[in-house]
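Everything below concerns the one structure shown next.
The values are calculated or read from the model by the stated rules, or taken from the named source; none is laboratory data. Please read these numbers as outputs of a predicted model, since none were measured by experiment. Note that we place each Cβ from the backbone using ideal geometry, even for glycine, and neighbour counts take in every protein chain shown. Surface accessibility is based on the protein's heavy atoms, side chains included, excluding ligands, DNA and RNA. Shrake-Rupley method; radii C 1.70, N 1.55, O 1.52, S 1.80 Å.
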Amino acid sequence: VKNYRTKNFESLNNEFQKRQYKNLKILVDVSQKTPLSRTDVDTTKMKVSEYDAKIDSLNAGLKISDDLPLITTYYDGFPVTIYNLENRERIIGFGNNAALELEALDKNHKWQKISNFRKYSCGTGIKYFVLKPQEIATVFEPRLSGNFKTKLRYRLGNILSNEFEGNINDKYFKN
């Protein structure tokens, strides 16, 4: 997997905005269980003013006297593999994130987007996530839960993954 910046930013950015692929495959394997975790700052253990001061210090390149309190959440996930079967490099995202959008079949049997891909703010210096020809990338996505059993799939531009069953909260659907 190639993760880089280029002088030809404009053409790569245009390619990414269009996300029209000819021969990419997305395989979702929910039969596998992958333990995932997310670590965040535990803001319940400090005042907002303390948090802001520590973040300002870190952003200024200073060392803070006390570590930030952290909280780690563990959850179940599964692998999603993207195959580039084209004969050229293809942009599939930014940083370490593939630009996958999650779609679900609603009560009326229509596909609805319930999760957009991660977007970064301007000026972050994040590099493109690029697959070379015949290369694969595997990312891990969280297994959702909720009160509505349905079919799900991932979308990357014009390419769709295999459909799979899962549960989500029915509040994802805007009626």
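One decimal place: the segment Lys33-Lys110 gains 24.9 nm when fully extended, by the rule 0.36 nm per residue minus the C-alpha distance.
Once the C-beta distance of Asn158 and Lys47 is scaled by a Förster radius of 35 Å, the resulting FRET efficiency is 0.15 to the nearest 0.05.
In this structure the chain gives 66 Å² per residue of accessible area when probed at 1.4 Å with all protein chains present. Taking only protein heavy atoms and a 1.4 Å probe, the accessible area of region 27-66 is 50% carbon and sulfur. Scaling the Cα radius of gyration of region 28-175 by the globular reference 2.2 N^0.38 Å produces a ratio of 1.29. Between Leu68 and Lys18, the FRET efficiency estimated from the beta carbon spacing at R0 = 41 angstrom works out to 0.55.
The lysines whose alpha-carbon is closer than 22 Å to the alpha-carbon of Lys45, local same-chain residues fewer than 8 away aside, are Lys54, Lys63.
Calculated [222 nm] ellipticity per residue, helices only, for the chain: -4000 deg cm²/dmol; basis is -39500 (n - 2.57) per DSSP H run with n ≥ 4, divided by all residues, nearest 500. For Lys107, go through the lysines and keep the ones whose alpha-carbon is under 25 Å away, minus same-chain ones fewer than eight residues off. Result set, ordered by chain and number: Lys149, Lys151, Lys171, Lys174.
Straight-distance candidates among the lysines for linking to Lys132, with alpha-carbon spacing under 27 Å and chain neighbours fewer than 8 residues away dropped: Lys2, Lys7, Lys18, Lys22, Lys25, Lys119.
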